[in-house]
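Dropping a structure here in structure tokens format, bear with me for questions.
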Amino acid sequence: KVTLAVNKPRGVVCTNSDPHHAQTIFDLLPAPFARLRLFCAGRLDKESEGLVILTSDGDLANRLMHPSGLVVKFYRVSLKEEFPRAELPKLTKGVVFEDERLKVERARLIGRGEPAVSTEIDVQMHHGKKREIRQLFTALGYTVKRLRRYQIGRFSLRGFPLRAAKALTDSEIASLLAVPRRRP
């Protein structure tokens, strides 16, 4: 069983092959890993960037992806417009958009002290529907400029270069499933 962490850049899709896109996440893998039969344990859309887990371990993938696993994923959202602190409860209570309820578990504004408004927001969630964070902000009238997943469980991308891939140790795999210490 092999599990890799990849720091996905924008413009790359999370699929094994796609005739409409020039580059997939599997194209980023170094030669020794490129020959392995791996799949994405959770995806990021083409315009999002950050931590993606590739694995040959189906049980691990299921634990990471299924909402019942309660694996927390951390995202940094950069908006075109300023987001007021007073609207943070809308992110956690959720909204209905195209007949689906969209929400995050936690959200906080990023900035010095406790800003009243910010274009940078940290959110966390343990579930995730396709493009849920982008759709949530769109439903609230905000434009997402950048979306980056920087942590899953206790495993962080800190110090991990863009486009890099790394085989995870058993302890790093366990950290994916661990309850995070820091909370927005």
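Values in this text are rule-based calculations from the coordinates and carry no lab data. Note that the structure is predicted; figures quoted are calculated from it, not measured. Heads up, the Cβs are rebuilt from the backbone with ideal geometry, glycines too, and the neighbour counts pull from every protein chain shown.
So what are the three principal axis dimensions of the range 87-166 from its Cα atoms, in whole Å, longest to shortest?
Extents along the principal axes, in whole Å: 39, 32, 22.
In debye to the nearest 20, how big a dipole does the range 86-184 give about its Cα centre with +1 on each Lys and Arg Cβ and -1 on each Asp and Glu Cβ?
Values: 22 positive and 11 negative charges, 54 e Å.
Here the size comes out at about 260 debye.
Quickly work out the residue 117-to-residue 174 label distance, labels modelled 7 Å from Cα along the C-beta direction, and quote it in nm with one decimal.
Between residue 174 and residue 117, the simple spin-label model gives 4.7 nm.
Rounded if a/c is under 1.5, else prolate if a/b is larger than b/c, else oblate: which is the range 1-122, with a ≥ b ≥ c the root eigenvalues of its Cα gyration tensor? Walk me through the numbers on the way to the answer.
Values: a/c = 2.24, a/b = 1.84, b/c = 1.21.
The shape class here is prolate.
What does the charge dipole of the chain about its Cα centre add up to, to the nearest 20 debye, if the Cβ of each Lys and Arg holds +1 and the Cβ of each Asp and Glu holds -1?
Its charge dipole is roughly 360 debye.
If amide H atoms are built 1.01 Å from N in the plane of the peptide, which residues on other chains or at least 5 residues away come under 5 Å of the amide H of residue 117?
So residue 117 has HN proximity to 85.
Right, here's the next one. Please state the charge dipole magnitude for the range 1-76, taken about the Cα centre, from unit charges on C-beta atoms (+1 on K and R, -1 on D and E), reported in debye and rounded to the nearest 20.
On the way: 10 positive and 7 negative charges, 27 e Å.
Dipole of the range 1-76, to the nearest 20 debye: 140 debye.
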